[in-house]
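Read through the structure below, which is laid out as structure tokens, and then see the notes.
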């Protein structure tokens, strides 16, 4: 049995266009169309696809933050109907509470999940793990983007979810910070062995980190292909980048993605 | 963290000196009845302080002001939270709240006098009516404008509605509440003086009216300066409080 089973998931949104005073046209736009896949326990799956396709929508449905129109998501065989305690989400815009310190921000998730064990000890452990020691009493605006995302990561890891959902978590970081964070995430993944579903628009990032890569088509997003990443773990991210397997995969993924991007252009989207 | 901008104290002092100089110059071109000089106003201070009139009046005005404002905060913040939280109430209360906020509270004074008489309570109620609506409206706006992504983050961690309100919406609204209080303080001091002038004569407003009727312009200017000082001090205090509580916004 898969850890996460996504079954025939479909979702469309109503978009309202104003046409003159008091007149509006409601049109339905399909975001996700009949998507089915599974993620094994401890597996790292990346979701990629052309910009504006339903990557984030798909992840939000797995997180229970968005209700699918059809289909379902099951975790350990159990159907998801809202935020599940087995899952935790890391957001691109991080979403720290600006009036709370690093420590208080990390504690937040633990309080909401009613963890009965020692909250302070758990917070300390994950502050250590993500390299935030010494920054406990800082406020978010005093930290760089990379440090802020470490807080976001610690907040999610501290509740010890079985599945970590990450929505372009490094998308807004500069190239250097991004590389460091990718390396740390890879290390954390091999240490904690959590199941991770990772949305990104960066193909190299997807190859470096993942076991499997799910390529989506342009809207409405269907599964274009599921690609296995045959690179041994633990990976030295720097060495991996110069390997021939990496180069081939990148070419393959890019060709596949480009095809979708050109299709979107042709339709005029 | 970068500190707060240093107050330009020297510029403040210069502005006061220039103001006094202009005042002095204008007063020399006219009679003390029309505009007494700063010196003549200063000379009138001892008699008002000596008789205890100034202190009594100041305390009386401050009492009315603080009682009314405290009621305004005590009612405005919780009501604003409730109205901000429940969209339905928002629709029901929109017209009355907007009406009360935008109509001149002075127009309500005759009715309030009929209902509650001429005592201190009436004055405090006038201050309350002047101050409660800006606080309520700003609190409501803060709750409604709370970053919905932050609320969603909390939802994803399984936070209850109450936790989201206490941990996210209310702290997010603090800067809004503080701007509401800043507006309310300005309105409240106006309301306190107007109440003292239009109901039973008392406080600094009462002194203004009394010396004005006597044509004792220099003496009349003393409570006026006092009102100016109080307003300045309150504005400064609220500004400092706003900076302190809204520090996380200064990014």
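A short reminder: the numbers here are calculations on the coordinates, not readings from a lab. Given the structure is predicted, the values throughout are model-derived calculations rather than measurements. FYI the Cβ positions are ideal-geometry reconstructions off the backbone, even for glycines, and counts take in every protein chain you see.
Of the beta bridges in the protein assembly as shown, as assigned by DSSP with both residues counted there, near 55 percent are antiparallel.
The angle between the Cα long axis of helix B:9-28 and the longest principal axis of the Cα atoms of chain B comes to about 40 degrees, rounded to the nearest 10.
Per-residue mean of foreign Cβ neighbours for B:145-157 is 6 (Cβ atoms of other chains, 10 Å radius). Counts of other chain beta carbons within 10 angstrom of each beta carbon in peptide A:76-85 average 1.
Computed from the C-beta positions of residue A:116 and residue B:116 and an R0 of 56 Å, the FRET efficiency is 0.55 to the nearest 0.05. Note on the protein assembly as shown: Cα-Cα pairs beyond 32 Å make up 59% of the total pair count.
Taking all Cα pairs closer than 8 Å and separated by 6 or more residues, the relative contact order of chain B comes to 26 percent. Listing B:19, B:65 from fewest to most neighbouring C-beta atoms within 10 Å gives B:19, B:65. Ellipticity at 222 nm from helices only: DSSP H runs of n ≥ 4 in chain B, each -39500 (n - 2.57), divided by the residue count, give -26500 deg cm²/dmol. In chain A, the DSSP-assigned H stretches of four residues or longer account for a calculated mean residue ellipticity at 222 nm of -11500 deg cm²/dmol, using -39500 (n - 2.57) per stretch and the full residue count as denominator.
The slack in the chain from residue B:231 to residue B:82, taken as 0.36 nm per residue of separation less the alpha-carbon distance, amounts to 50.6 nm. For the peptides A:120-129, B:127-136, residues were scored by their other Cβ atoms within 10 Å and the scores averaged per peptide; the highest-first order is B:127-136, A:120-129.
Taking the C-alpha atoms only, the angle from helix B:170-198 to the longest principal axis of chain B is near 30 degrees. Shape of the range A:179-218 from its Cα gyration tensor (a ≥ b ≥ c, root eigenvalues): rounded if a/c is under 1.5, otherwise prolate when a/b > b/c, or oblate? Judged from the Cα gyration tensor, the range A:179-218 comes out oblate (a/c at least 1.5, b/c at or above a/b). Between the Cα long axis of helix B:38-50 and the first principal axis of chain B there is an angle of about 80°, rounded to the nearest 10.
Here the average projected area of the convex hull drawn through the C-alpha atoms of the range B:37-245 stands at 13.8 nm². Going from the residue with the fewest nearby Cβ atoms within 10 Å to the one with the most, B:61, B:116 rank B:116, B:61.
Residues in the range A:104-135, backbone N under 17 Å from the label point at residue A:144 (7 Å along the Cα-to-beta-carbon vector): list them, ranges by number please. Under cut-off, by backbone N: A:130-135. Distance from the Cα centroid of the range A:204-269 to that of the range A:103-142 is 34 Å (rounded to whole angstrom).
Relative contact order of chain A, taken over Cα pairs closer than 8 Å and 6 or more residues apart, is 24 percent. Packing here is the average count of other Cβ atoms within 10 Å per residue, and on that basis the peptides A:182-191, A:77-86, highest first, run A:182-191, A:77-86. Ordering A:235, A:74, B:244 from the fewest to the most neighbouring beta carbons within 10 Å gives B:244, A:74, A:235.
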